[in-house]
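Report on the following structure.
The values are calculated or read from the model by the stated rules, or taken from the named source; none is laboratory data. A quick note: this is a predicted structure, and the numbers were derived from the prediction, not measured. Reconstructed Cβ throughout: ideal geometry from the backbone, glycine too, with neighbour counts over all protein chains shown. Just the protein is used for accessible areas: all its heavy atoms, side chains included, with ligands, DNA and RNA removed. Shrake-Rupley method; radii C 1.70, N 1.55, O 1.52, S 1.80 Å.
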Amino acid sequence: MNASTTSPTDALTRALADLDRIILGKSEAVRLALTCLLARGHLLIEDVPGVGKTTLAHALAHVLGLAWQRVQFTSDLLPADIIGVSVFDAPSGGFSFKKGPMFTQLLLADEVNRASPKTQSALLEAMEERQVSVDVTTYRLPDPFFVVATQNPFEQLGTFRLPESQLDRFLMRISLGYPDAAHERALLAGGDRRDLLAGMPPALNPDAVRELQATAQRVHIAPALLEYVQTLVASTRQRSDIQIGLSPRAGQGLVRAARAWAMLAGRDMVIPEDVQAVFAPVASHRLDAGVNTGADHAALIAALARGVAVPI
Amino acid sequence: MNTAARAQVAATLVFMASVLFIAGHAPPWCTAIALLSVAWRLSIGFGWLQPPRGRRGARFLFGMLTALLVAAVLANFRTVNGLAAGTALLVVMGALKLIESRTRRDDGIVVGVSLFLLLAAALASQSLWRLPLYLLIVWGACAAIALIAYPGDALRTRTALRLSGRALAMSVPLAAACFLFFPRVAGQFWALERGAGATTGLSDEMSPGSISKLANEYDPAFRVRFAAGLPARAALYWRGPVLNSFDGFTWRRERARFYRAEPLEMLGDPVRYRVTLEPTWQPWLYALDTVDASPRRDVFMSYDRQLSTMDRITDVVSYDAVSHLATRSSGELSTLGRRYETQLPDGRNPRTLALAREIRARTPDDAAYARAVLEWFRTNGLEYTLEPGTTTLDSVDTTLFDSKRGFCGHFASAFAMLMRSAGIPARVVTGYLGGEWNPAGGYLIVRQSDAHAWTEIWLEGRGWTRMDPTAVVAPERLQRGILDLFNDSLPVASVFFRNTWLRQLNHLWDGANQWWQDQVVEFNLRAQFDLLRKLGVESPDWRHLGWAFALALLAWIAWVGLSLRRSVARLKPDRLARAWLRATRRLARVAPPRAAHEGPMDYARRVGALRPELGPRVEALAARYARLRFGPRAAKNEIAQFEREVRRLAV
């Protein structure tokens with residue numbers, strides 16, 4: 001099978017099916033992850049170790065046919081380690097820039113909260129600007145450029161929490177959670193997920209991804225729904241149990257994500273259910289400092305969505 | 001604080017504020033009980049105390065407590081009717097509600113009780129300084145209602161306050177319409193009986209020293225607005241109780257005495273003015289010198305031209321009066337009048353009687369005799385003072401011959417006695433002299449410290465003539481107020497008096513209060529009719545007011561409706577929405593109704609899960625609706641098609 005012979009939408013369906021084959025029983029999380037990337041957003045996966053965070057990131061890169069790099073973040077990682085360094089080039093007598101692992105299409109930043117704030121901010125700046133500046137030269141990052149970061153919220157020793165402003169750079173935060181019994185048995189019976197991946201041709205390529213991203217932003221959204229999104233976002237600013245409500249940027253993110261989600265569902269317009277589907281992953285990490293992932297928080301987010309009537 | 005307790009704490013604080021606001025009009029023990037229950041509730045709200053666990057018998061005890069408190073209120077007032085008893089009952093019942101308050105509904109009731117207390121407080125007193133406090137508490141109360149009503153108890157306090165402020169601002173025009181046009185028909189239900197207050201000012205008795213007690217009271221007695229200019233200061237004799245009976249020590253007014261009033265001829269131009277009298281708990285009204293006629297139907301004018309009401313004055317009252325500063329009576333004083341006004345007790349003040357005989361022997365003419373007595377007053381070293389010391393029972397003798405010190409009352413008493421001793425009819429008039437001009441408000445403030453006493457004597461051919469012996473002893477009293485004269489001996493008032501800045505501030509505040517009293521508190525049926533006349537109604541009656549009120553009400557509703565039109569328009573479903581709502585209503589017969597936050601597809605799936613046979617049809621219908629509603633602009637015929645499908649939907 002060749003990606004170039006089928007239409008991007010068919011390829012997208014196939015990509016989704018492939019991802020489901022790798023990540024068992026997590027179709028909701030997988031869809032959200034794909035939605036995030038199609039909405040040109042960066043993704044934060046937050047979970048305990050061993051539930052397949054890295055596998056998901058790996059599978060995303062593979063299925064989308066993107067070049068990818070993986071950086072394991074540690075406390076002694078320096079910005080230059082991911083951006084790159086200028087080295088002296090003896091033959092030419094000048095300095096030349098040696099690009100770091102960030103110059104890739106999909107960067108997997110593993111355990112992003114282990115790095116020092118300095119390194120974190122270098123990464124997050126690149127995420128926002130989609131370019132890096134070294135000395136006086138600005139280097140554009142490839143297009144598409146995604147960061148899929150993972151973090152373990154329960155291990156606090158020797159970590160640096162991502163501040164709210166930087167959490168805001170991630171369009172979505174999702175978590176995978178433990179698989180259910182049937183899928184866990186299938187997982188145990190099956191082979192290594194990476195071997196499975198290696199034998200699977202990519203369903204998409206960078207051009208197709210760019211095209212899909214553009215298509216997603218053309219999905220129709222009715223004025224009534226924009227009003228619904230605004231009411232939803234504004235409702236978070238009126239509650240006493242939320243310190244800082246959602247920003248307008250969060251509202252924009254909500255609309256982008258809802259469009260991509262609608263496209264993934266094969267629709268050419270957004271319906272209220274699309275907004276509701278992406279509301280929790282878009283809103284929840286912006287409404288706390290990234291530590292509160294408990295049931296209370298989930299209930300609060302659900303209550304927010306329930307508190308606003310859909311347009312009739 | 002935990003968010004679940006916020007609504008309760010808000011309701012408690014509102015209750016506390018209204019209890020404190022009305023504290024002056026409720027018995028202290030009621031206020032104490034209410035504040036105790038507030039303190040208890042707040043300690044639970046802030047987590048200092050554990051909430052009580054339900055114990056057996058608690059409800060019975062609580063019922064007993066309720067009965068006990070109702071009985072206590074009954075014992076205190078002998079009734080539960082009326083403003084004072086009703087307020088007390090409301091305060092203790094609110095306190096009890098606060099103690100047993102558990103649910104959100106209970107919090108709502110506590111706020112409701114607080115609002116009732118505010119209403120009672122507004123009935124009890126309408127002073128200007130209470131207005132900002134009142135508004136503040138109402139604002140808080142409405143915010144508390146918003147907090148209580150908001151689902152999940154998670155409304156931000158700031159948002160609640162903003163909401164409440166907006167709602168109150170929107171209600172301002174309605175309040176103005178009610179104020180201006182709601183007919184204030186007589187015998188209103190709000191004309192409640194009031195409790196008794198302390199008597200201030202002058203009474204119908206005057207003993208030596210009784211007036212000097214008033215001299216350092218800075219409180220206003222009344223205020224006067226003149227139609228034309230302010231008359232000369234020395235002419236500002238405000239007549240109050242006229243005293244006609246003397247026992248050698250005390251002058252009093254014998255109510256049983258009256259005689260035919262003499263015919264009177266008014267001289268000079270009339271002075272027109274409006275008096276606003278502070279509550280005195282006495283029946284007297286004050287008027288300048290000789291008043292033409294009774295200013296109101298319910299005011300009685302006696303033979304000696306003293307004005308009094310049927311009831312004690314427990315409220316601020318205003319009345320218009322016309323006075324003349326000069327009069328003449330060419331008639332005769334009636335025989336009865338002459339007998340009454342020359343009566344003296346036997347054997348009292350013998351030295352004064354001797355003095356009268358001595359002077360009368362020299363001057364047989366009445367007017368000359370009066371002049372001679374005044375001359376005696378001037379030349380015999382009498383001293384005008386606030387501290388005249390005590391007198392014996394023969395008070396006039398003490399004043400004239402022993403201490404030689406006296407205040408206006410002493411001199412008036414002595415002069416009147418000297419006149420009566422010589423057979424000249426004389427009476428003591430108490431009242432006020434002068435006043436302080438308030439340039440900020442353009443009116444005269446007459447204070448208790450301006451209290452004065454003088455005499456009137458009957459002269460043939462002139463009638464009753466004012467004689468003020470104090471003017472002879474201390475001529476400067478006519479030009480200056482007591483506070484000015486005795487600046488040093490009046491510690492409290494002098495602070496106000498010396499500091500011009502404070503004095504001006506005081507004038508401004510007094511002016512604002514007057515405006516409030518005249519324009520707002522006393523805005524009565526007559527003022528409403530005046531307003532209607534200005535609006536062009538020929539002969540207004542209460543029906544016009546009703547129409548005006550109804551019109552204003554309609555205008556307000558229209559205004560609110562217009563300003564809410566956008567949200568109203570959004571709430572009003574269009575054709576497509578009506579069709580979808582019809583479909584969901586029909587489906588609600590077989591499945592739970594659609595939740596407000598539920599999108600069409602989610603709802604269809606839920607119905608499908610419950611009624612699989614309906615599933616595919618409902619889902620197709622929902623998908624079609626979603627496409628028409630949220631897709632690019634739907635064509636008319638598509639909507640009509642959808643309506644037909646909804647009609648075909650058989651459940």
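Residue-by-condition table, conditions (1) at pLDDT 90 or above; (2) closer than 27 Å to B:A146 by Cα:
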| residue | (1), (2) |
| --- | --- |
| A:L197 | no, no |
| A:G245 | no, yes |
| A:A257 | yes, no |
| A:I271 | yes, no |
| A:A277 | yes, no |
| A:D288 | no, yes |
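Scanning for something modelled with pLDDT under 90, in a loop (DSSP other than H, G, I, E, B), closer than 30 Å to B:T352 by Cα and open to solvent by 10 Å² or more (accessible area, probe 1.4 Å), does the range B:430-451 turn up at least one residue?
no
May I ask you to list the residues in the range B:372-408 that are among the charged types (D, E, K, R), open to solvent by less than 50 Å² (accessible area, probe 1.4 Å) and without any contact (Cβ under 8 Å) to a residue 60 or more places away in the chain?
B:D397, the sole residue that qualifies.
Based on this model, can you work out whether A:R140 counts as modelled with pLDDT of 85 or more and exposed (fewer than 12 other Cβ atoms within 10 Å of the Cβ)? Quick ask: steps written out before the conclusion?
Values: modelled with pLDDT of 85 or more: yes; exposed (fewer than 12 other Cβ atoms within 10 Å of the Cβ): yes.
Judged against the criteria, A:R140 is a match.
Of the residues B:R582, B:R589, B:R575, only one is more than 14 Å from chain A (Cβ to nearest Cβ) and in contact (Cβ under 8 Å) with a residue 60 or more places away in the chain; which?
Step by step, each of B:R582, B:R589, B:R575 is checked, and only B:R589 is more than 14 Å from chain A (Cβ to nearest Cβ) and in contact (Cβ under 8 Å) with a residue 60 or more places away in the chain.
Scan B:R41, B:R6 and give me the residue that is basic (K, R), at negative phi and within 14 Å of another protein chain (Cβ to nearest Cβ).
Checking each option against the conditions leaves just B:R6.
Need pairs with beta-carbon distance below 6 Å; first residue open to solvent by less than 10 Å² (accessible area, probe 1.4 Å) and within the range A:39-58, second at pLDDT 90 or above and aromatic (F, W, Y); sequence gap 6+ or separate chains.
What qualifies is A:H42/A:F170; A:L44/A:F170.
I want to confirm something. Restricting to the range A:224-249 and keeping residues that are under 30 Å from A:T13 (Cα atoms) and buried (at least 18 other Cβ atoms within 10 Å of the Cβ), which single residue is farthest from the other protein chains (Cβ to nearest Cβ)?
A:V229
Hey, among the residues in the range B:606-633 that are among the hydrophobic types (A, V, I, L, M, F, W, C) and surrounded by fewer than 18 Cβ atoms within 10 Å (Cβ to Cβ), which one's farthest from the other protein chains (Cβ to nearest Cβ)?
Among them, the one singled out is B:L610.
Every residue in the range A:102-130 that is of a type outside the set (G, A, S) and more than 18 Å from the chain's Cα centre (by Cα), please.
Passing the criteria: A:R114, A:P117, A:K118, A:T119.
So, in the range A:35-60, how many residues would count as being under 18 Å from A:A260 (Cα atoms) and assigned to a helix (DSSP H, G or I)?
5
Pull up the range B:233-287, narrow it to residues that are part of a strand (DSSP E or B) and charged (D, E, K, R), then point me to the one that is least open to solvent (accessible area, probe 1.4 Å).
Taking the candidates together, the pick is B:R239.
Filter the range B:580-605 for residues that are open to solvent by 60 Å² or more (accessible area, probe 1.4 Å), touching a helix residue (DSSP H, G or I) at 6+ places or on another chain (Cβ under 8 Å) and in a helix (DSSP H, G or I) and give the result.
Across the range B:580-605, the qualifying residues are B:R582, B:R605.
Scan A:V136, A:V63 and give me the residue that is free of Cβ contacts under 8 Å to residues at least 60 places away in the same chain and hydrophobic (A, V, I, L, M, F, W, C).
After ruling out the rest, the residue left standing is A:V136.
Of all residues in the range B:310-325, count the ones that are at pLDDT 85 or above and either surrounded by fewer than 18 Cβ atoms within 10 Å (Cβ to Cβ) or of a type in the set (D, E) (or both).
2
Considering only the range A:250-276, how many residues are assigned to a loop (DSSP other than H, G, I, E, B) and open to solvent by 20 Å² or more (accessible area, probe 1.4 Å)?
Counting residues in the range A:250-276 that are assigned to a loop (DSSP other than H, G, I, E, B) and open to solvent by 20 Å² or more (accessible area, probe 1.4 Å) gives 4.
What number goes with the only condition from (1) touching a Pro at 6+ places or on another chain (Cβ under 9 Å); (2) more than 12 Å from every other protein chain (Cβ to nearest Cβ); (3) not charged (D, E, K, R) that A:P272 does not pass?
Exception for A:P272: condition (2).
Is there any pair with a first residue in the range B:222-245 that is touching a residue at least 60 places away in the same chain (Cβ under 8 Å) and over 18 Å from B:L325 (Cβ atoms) and a second that is assigned to a loop (DSSP other than H, G, I, E, B) and open to solvent by less than 20 Å² (accessible area, probe 1.4 Å) whose Cβ atoms are under 7 Å apart and which are 6 or more apart or on different chains, and what are they?
B:F222/B:Y286; B:P241/B:L202; B:P241/B:Q306; B:N244/B:E341
Please determine, by comparing only the residues of the range A:297-306 that are facing chain B (nearest Cβ under 7 Å) and open to solvent by 30 Å² or more (accessible area, probe 1.4 Å), which one is nearest to A:G245 (Cα to Cα).
Taking the range A:297-306 and keeping what is facing chain B (nearest Cβ under 7 Å), we get A:303, A:305-306.
The next check asks that each one be open to solvent by 30 Å² or more (accessible area, probe 1.4 Å); those that pass are A:303, A:306.
Working: A:A303: 14, A:R306: 16 Å.
Among residues in the range A:297-306 that are facing chain B (nearest Cβ under 7 Å) and open to solvent by 30 Å² or more (accessible area, probe 1.4 Å), the one nearest to A:G245 (Cα to Cα) is A:A303.
Is it the case, given these coordinates, that A:L32 is in contact with a helix residue (DSSP H, G or I) (Cβ under 9 Å, 6 or more places away or on another chain), open to solvent by less than 30 Å² (accessible area, probe 1.4 Å) and either of a type in the set (S, T, N, Q) or not in a helix (DSSP H, G or I) (or both)?
no
If you go through the range B:100-108 one residue at a time, do you hit one that is surrounded by 15 or more Cβ atoms within 10 Å (Cβ to Cβ) and either at positive phi or among the aromatic types (F, W, Y) (or both)? Break it down stepwise before answering.
First, the residues of the range B:100-108 that are surrounded by 15 or more Cβ atoms within 10 Å (Cβ to Cβ): B:101, B:104, B:106-108.
Retained after the next criterion (residues that are either at positive phi or among the aromatic types (F, W, Y) (or both)): none.
Looking through the range B:100-108, none of the residues is surrounded by 15 or more Cβ atoms within 10 Å (Cβ to Cβ) and either at positive phi or among the aromatic types (F, W, Y) (or both).
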